[in-house]
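**Q** Before I ask anything, here is the structure I am working with.
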Amino acid sequence: MSVKIDVVRVEIPEGTNVIVGQSHFIKTVEDLYEALVTSSPIIKFGIGFCEASGKRLIRKDGNDEKLTNLAVEACKRIAAGHVFVIYILNGYPINVLNRIKNVDEVIRIFASTANPLQVLVAETDQGRGVIGVVDGNTPLGVESEEDVKERHDLLRKIGYKR
């Protein structure tokens, strides 16, 4: 038996964020929809979910057709069983991540980001599975005192700290 490793780039349009995770049951799409739609009255999102047995379809839902189509396309490229992709607009992962983690079917979150994202996929004779992600870029150094101040100021400016 052999393993092939594939690197799948996930496209993230300006202003959107993406969450990639793994679940285990067909009702995932509906439960993720409910978790997201009740998180904010203005959030827009699209969900894709790769079914791993039965018809093995990419299940989809969302309240924004463009984001739903992006999620489906990402699922087509990743093509790994029980993987879901969520695109969000008018919200941030920090606003919905715990709701998503608390969905009964969710096993893990691989990435939650607006950074460049690559999904590492292993392929065997049985199928494909996500083995990890590359989220963003390699660090260039360690923050200075000025960088610490900028971080603190930014978090207060955008309302996440007082």
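The values are calculated or read from the model by the stated rules, or taken from the named source; none is laboratory data. Here the structure is a predicted model, which means the values were calculated and not measured. When we count neighbours, we look across all protein chains shown, and the Cβ atoms used for this are built from the backbone with ideal geometry, even at glycine. Heads up: the accessible areas ignore ligands, DNA and RNA and are worked out on the full protein's heavy atoms, side chains in. Shrake-Rupley method; radii C 1.70, N 1.55, O 1.52, S 1.80 Å.
**Q** Using alpha carbons only, how many degrees (0 to 90, rounded to 10) separate the axis of helix 145-157 from the longest principal axis of the chain?
**A** Compared with the principal axis, the helix lies near 70 degrees.
**Q** As a check on your grasp of the helix formula, calculate [θ] at 222 nm for the chain: sum -39500 (n - 2.57) over DSSP H runs of n ≥ 4, divide by the residue count, round to the nearest 500.
**A** -8500 deg cm²/dmol
**Q** For Tyr33, Tyr87, Tyr92, give the ranking by accessible area with the largest first, probe 1.4 Å.
**A** Tyr92, Tyr33, Tyr87
**Q** Oh, and also: List the lysines whose alpha-carbon lies under 17 Å from that of Lys44, not counting same-chain residues fewer than 8 positions away?
**A** Counting by Cα, and skipping residues close in sequence, Lys44 has these lysines nearby: Lys60, Lys66.
**Q** Once neighbouring chains are kept in place and the probe is 1.4 Å, which whole percent of the accessible area of the range 4-59 is contributed by carbon and sulfur? Mind showing how you got there, number by number?
**A** Numbers: 1530 of 2960 Å².
It is 52 percent, rounded to a whole number.
**Q** Could you name the lysines whose alpha carbon sits less than 22 Å from that of Lys55, not counting residues in the same chain fewer than 8 places away?
**A** Qualifying lysines at Cα under 22 Å: Lys27, Lys76.
**Q** Under 1.5 on a/c is rounded, so check that first for the range 24-142, then, if it is not, pick prolate when a/b is larger than b/c and oblate when it is not; a ≥ b ≥ c are the square roots of the alpha carbon gyration tensor eigenvalues.
**A** The shape class here is oblate.
**Q** Pop a pseudo-label 7 angstrom from the Cα along the beta-carbon direction at both His152 and Lys4 and give the gap in nm to one decimal.
**A** Distance between the two pseudo-spin positions: 5.3 nm.
**Q** At 1.4 Å probe size, with every protein chain present, just tell me what the per residue accessible area of the range 18-134 comes to in Å².
**A** Details: 5780 Å² over 117 residues.
Counting only protein heavy atoms, the per-residue value for the range 18-134 is 49 Å².
**Q** Need the list of lysines near Lys149 for cross-linking: C-alpha distance under 27 angstrom, and skip anything on the same chain fewer than eight residues off.
**A** In chain and number order, the partners are Lys157, Lys161.
**Q** Now for a different question. Could you state the angle between the C-alpha long axis of helix 65-78 and the longest principal axis of the C-alpha atoms of the chain, as a value from 0 to 90 degrees rounded to the nearest 10?
**A** 60 degrees
**Q** Here is a further query. Counting alpha carbon pairs within less than 8 Å and at least 6 residues apart, what relative contact order, in whole percent, applies to the chain? The partial results should precede the final answer.
**A** Details: 318 pairs, mean separation 49.4, N = 162.
Reported as a whole number, the value is 30 percent.
**Q** Which residue, Val148, Val103, Val20, has the most motion in a Gaussian network model of the chain that connects Cα atoms within less than 10 Å?
**A** So, out of Val148, Val103, Val20, the one fluctuating most is Val148.
**Q** Between Ile94 and Ser144, 0.36 nm times their residue separation minus their Cα-Cα distance comes to what?
**A** 15.4 nm
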